[in-house]
Structure formats: C-alpha cells, structure tokens
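Written below as structure tokens is the structure these notes are about.
The values are calculated or read from the model by the stated rules, or taken from the named source; none is laboratory data. These numbers come from a predicted model, not from an experiment. Glycine also receives a Cβ, built like all others from the backbone with ideal geometry; neighbour counts cover every protein chain displayed. Surface areas here come from the heavy atoms of the whole protein model, side chains and all, with no ligands, DNA or RNA. Shrake-Rupley method; radii C 1.70, N 1.55, O 1.52, S 1.80 Å.
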Amino acid sequence: MMAKRILYEKVELDDSLPIKLTHFYSNYVTKGFSYHWHNSIEIILPVIGGANIWIEGEVFDNYGGEISIINSQYIHKSRMLDGTSEYMGFALQINYNFLKKCFSEIDNYYFKQPNKKTERKLIKIIYDIINEYSSQKDYKNVKIYSLIYELIYIMIDKLLVKREGTVKIRNSKDNQKILNITNFIDKHYNDNISITQIAEHFKWSYGYLSKYFKEHVGITIKEYTDNVRITHAKRDLIFTDQTITDIAYLHGFSNLQSFTTVFKKKYNMNPSEYKKKMRNSC
C-alpha cells in the first residue's frame with residue numbers, strides 16, 4: 001500500500017461566530033473525502049444515506065439521524081456506505097480556541113461518542129442552530145451563541161474523557177515545571193533521550209525528577225516518553241511504507257525489541273499486527 005497523503009484543513013469560521021456550519025453532499029461520483037485533520041472539534045450529522053467513517057484507526061458506520069464526533073487534530077476520512085447513492089447532511093465545526101476559553105483544561109481531555117439519550121439532545125441543538133442560520137431575526141447570533149454554549153456544556157458534562165498521562169495541576173509553579181519537562185520531552189522524544197539526560201538538562205537529580213514527575217503526572221517519566229513515541233510511531237505504521245525497524249529508531253526507541261515490548265503492552269498486539277489491522281480497515 002502506498003503512503004497516504006494527509007491534508008491539513010484550515011477551518012474558516014462563519015462571520016462573527018466561533019463555529020462553521022457546512023451542508024455537505026456526496027454521490028456515487030464523489031464517494032468520499034481524503035484523509036485530513038483540523039484543530040476544530042467536528043460533529044457530523046447525516047440526514048440522507050450513511051458513511052463509513054475512519055477516525056484514528058477506528059472504523060464505524062454513520063447513518064442518518066446519528067452523529068459522529070471528531071476530536072481536535074484527529075486524522076479522519078469518510079466514504080459512502082456500499083449500496084447508497086447519496087450521502088447528505090451537516091458538519092458543525094467548533095473553534096478549538098473558543099472551546100478552550102470555555103474549558104481551559106480541554107487539552108487534557110477528549111470527547112467520546114454519545115449514547116442515544118445524549119445524542120438526541122445534541123441533535124436537537126444542532127437543528128436549532130441550523131434554523132437560526134436561516135432566520136431573519138435581529139440578533140440571531142446571540143441565540144446561536146447561547147445554543148453553542150449549551151452544546152458545549154452537554155459535551156463536557158456527558159462526553160468528556162481524560163487522556164492518559166495528563167498533568168495533575170496543583171499550583172501554577174508546579175504546573176509550569178511539568179509543562180517545561182513535557183515540552184522538552186515532546187521536542188526531543190525521537191533523540192533516544194534518557195531520564196538521566198532530562199534530569200541533567202533541568203539540573204535535577206535522577207531520583208528527584210522521577211519522584212516529582214510521577215507525583216504530578218500520575219505515570220512515570222518513562223511511561224510518558226513511551227506514550228509520546230508510540231503516538232507518533234503508530235501514525236507512521238498506518239500512513240507510510242517505512243519498515244517497522246526504521247519507525248522504531250525514528251521515534252526514539254533504542255531497538256526493535258523495546259519498541260515491540262512497549263507497543264504490545266499498550267495495544268495488546270505487536271506493531272506488525274497493528275499495521276495490518278489498521279491498513280485493512282482503511
């Protein structure tokens with residue numbers, strides 16, 4: 001399989017609003033959309049037909065009257081379900097910076113897919129927003145803002161899931177120290193950097209750094225570094241034709257065995273099995 005091209009989509013917001021509402025249509029000629037990502041949170045609401053949606057390796061069918069939530073920076077694509085001639089609906093994209101103003105800790109969380117009860121509430125709000133778009137009322141944007149806040153409130157209240165290895169904030173001083181460490185790891189994760197080297201960079205002892213990080217993040221500094229490496233590596237497994245050995249070294253693992261051990265612990269399968277499974281699902 002040839003390496004896929006992944007496009008960045010710049011979301012242009014609708015006038016004076018923190019969202020973009022799009023009416024989409026696809027038919028047997030234009031059956032699908034290419035792999036892409038964006039910073040905005042996206043909610044897809046089909047009205048006619050259905051689609052097969054791929055989001056970060058997970059695949060599911062999305063029919064009319066159901067919604068699918070795509071988190072910030074998640075690679076995704078969709079294609080019409082076999083046997084359907086049309087796929088039409090609405091896509092609502094919520095500006096990530098606006099969402100962060102509403103909930104400053106959003107970087108530590110993601111939204112799961114809703115159950116039926118929550119889904120019905122979200123769909124009603126989305127249709128209310130759609131109706132307001134076509135309204136000729138004065139100050140209709142005020143109403144749309146109120147609906148956006150209600151939508152975000154329900155998503156935060158019902159769908160929020162904490163990401164692994166996120167920072168437990170105690171105070172601003174601790175928070176800044178941890179951010180400095182995690183930013184350093186995020187920048188140098190593929191250099192096969194050791195805990196000793198990280199400690200030396202911040203002029204801390206190995207023992208103090210290890211204890212401090214575990215206390216404030218909830219996982220060890222090695223677990224955090226491995227999570228960062230695996231997150232980057234798994235995309236290369238799916239979207240490039242590089243060998244697994246090359247991917248291991250490219251993302252900071254000292255050898256193929258250590259990459260395989262960490263990967264299998266996290267995903268209950270080795271990298272080659274994961275690569276085959278994900279590519280078959282594309």
*Name, by its number, the condition in (1) in contact with a helix residue (DSSP H, G or I) (Cβ under 7 Å, 6 or more places away or on another chain); (2) assigned to a helix (DSSP H, G or I); (3) buried (at least 16 other Cβ atoms within 10 Å of the Cβ) that does not hold for Asp186.*
(3)
_Ser104 being farther than 26 Å from Ile156 by Cβ, exposed (fewer than 13 other Cβ atoms within 10 Å of the Cβ) and hydroxyl-bearing (Ser, Thr, Tyr)_ = no
_Condition check: among the aliphatic types (A, V, I, L, M) and modelled with pLDDT of 80 or more. Does Ile238 satisfy that?_
no
*asked:* Can you tell me which of (1) under 26 Å from Leu160 (Cα atoms); (2) open to solvent by 10 Å² or more (accessible area, probe 1.4 Å) is the one Ile69 doesn't meet?
replied: (2)
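Residues in region 256-282 that are of a type outside the set (A, V, I, L, M, F, W, C) and closer than 14 Å to Asp226 by Cβ: how many?
9
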*Can you spot a residue in region 213-234 that is out of contact with any Phe, Trp or Tyr (no Cβ under 6 Å at 6 or more places or on another chain), open to solvent by less than 30 Å² (accessible area, probe 1.4 Å) and farther than 26 Å from Gly57 by Cβ?*
yes
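Under 18 Å from Asp191 (Cα atoms) and modelled with pLDDT under 85: does that describe His216?
When the stated conditions are applied, His216 does not pass them.
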*asked:* If I ask for residues that are surrounded by fewer than 18 Cβ atoms within 10 Å (Cβ to Cβ) and not aliphatic (A, V, I, L, M), which ones from region 85-97 would you list?
replied: Ser85, Glu86, Asn97
*Report whether or not Glu42 is free of Cβ contacts under 8 Å to residues at least 24 places away in the same chain and surrounded by 15 or more Cβ atoms within 10 Å (Cβ to Cβ).*
no
*For Lys20, all conditions in the list (1) open to solvent by less than 70 Å² (accessible area, probe 1.4 Å); (2) touching a helix residue (DSSP H, G or I) at 6+ places or on another chain (Cβ under 9 Å); (3) assigned to a strand (DSSP E or B) hold save one; what is the number of the exception?*
(2)
*Candidate set from region 205-253 (those that are outside any loop (DSSP other than H, G, I, E, B) and small (Gly, Ala, Ser)); member that is nearest to Lys266 (Cα to Cα)*: Ala233
*Across region 110-127, what is the total count of residues that are over 15 Å from Leu17 (Cα atoms) and either part of a helix (DSSP H, G or I) or open to solvent by less than 20 Å² (accessible area, probe 1.4 Å) (or both)?*
12
_Subset of region 128-138 [of a type outside the set (Gly, Ala, Ser), farther than 21 Å from Glu66 by Cβ and either open to solvent by less than 80 Å² (accessible area, probe 1.4 Å) or at pLDDT 95 or above (or both)]_ = Glu132, Tyr133
*Can you name the residue in region 254-282 that is in a loop (DSSP other than H, G, I, E, B) and polar (S, T, N, Q) and is also modelled with the lowest pLDDT among such residues?*
Asn268
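Take the residues of region 189-204 that are outside any helix (DSSP H, G or I) and without any contact (Cβ under 8 Å) to a residue 24 or more places away in the chain: which is most open to solvent (accessible area, probe 1.4 Å)?
Selected residue: Lys203.
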